[in-house]
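Report on the structure given below.
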Amino acid sequence: MPVLVTSPLRELPSHNMDMDDKRRKQTKGSDLKSRLQRRSSQSPNTERLSPEEIILWSQSLERLLASKYGMTTFQTFLKSEFSDENIEFWLICEDYKKIKSSFRLSSRTKKIYKTYIEAEAPKEINIDHKTRDLIRRNVKTPTTVCFDEAQRIVYRLMEKDSYPRFLRSNIYRTLLDSASDYIKV
């Protein structure tokens, strides 16, 4: 029978955690910049993120989400802020609309509802009570549009809140700096 062996707690050296966080953020930006520079010097056959594409992301959320790299970068940013349920829900709705099989539609509807819509769901999205009730009625007879209103709400929320924060974030600023360095060269 396994035995749990415990040892007395050792006192950890105290240090300023705020300073550590600040240093980590600074080095994180420079690490990202150096990775991007290494990536741009790789073989010309590899698909690369162009400086123009990075700049286009600032024009609209739609442009950002239309870009493969933009989508990935935005998802990374949202994960770092522990708010990635909105983009996950939006992407799942985009896939959901493409389902042709009624059996698959029904099972996916239940899964989406349990994961994102119902109260206390593991990745509950921020929608009003009226929309939540509408969806609860819609999922009884699922169609490809039963999550459309919630998807619109989530998109507007990302557009007005998450997207502007992304544009001010270290992640985007670092990419923008490396793009401008690339253009200057």
Gain in span if fully extended, Glu120 to Thr76, counting 0.36 nm per residue against the direct Cα distance:
13.4 nm
Spelling out what I want: for every residue of the range 103-114, take phi, set θ = phi - 60°, compute 6.51 cos²θ - 1.76 cosθ + 1.60 (Karplus), and round to whole Hz; glycine and proline get x.
5, 5, 4, 4, 5, 5, 4, 4, 5, 4, 4, 5
Portion, in percent, of the accessible area of the range 62-126 that falls on carbon or sulfur, probe 1.4 Å
51 percent
Pair Leu176, Asp128: separation of 7 Å Cα→Cβ label points (nm)
3.3 nm
Once the Cβ-Cβ distance between Ser106 and Leu56 is put in as r, and R0 is 35 Å, what FRET efficiency do you end up with, to the nearest 0.05?
0.35
In 5 Å bins starting at 0, how do the alpha-carbon pair distances of the range 51-181 split up by percent?
2, 10, 20, 21, 16, 13, 9, 6, 3, 1, 0
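Find the accessible area per residue for the range 51-181; the probe is 1.4 Å, ligands and nucleic acids are left out, and the unit is Å². Show your work: numbers first, answer last.
On the way: 7310 Å² over 131 residues.
On a per-residue basis, 56 Å².
The values are calculated or read from the model by the stated rules, or taken from the named source; none is laboratory data. As the structure is a computational prediction, the values presented were derived from the model and not from experiment. With ideal geometry, Cβ positions are generated from the backbone for all residues, glycine too; neighbour counts draw on all protein chains shown. The area values use the complete protein model at the heavy-atom level, side chains included, leaving out ligands, DNA and RNA. Shrake-Rupley method; radii C 1.70, N 1.55, O 1.52, S 1.80 Å.
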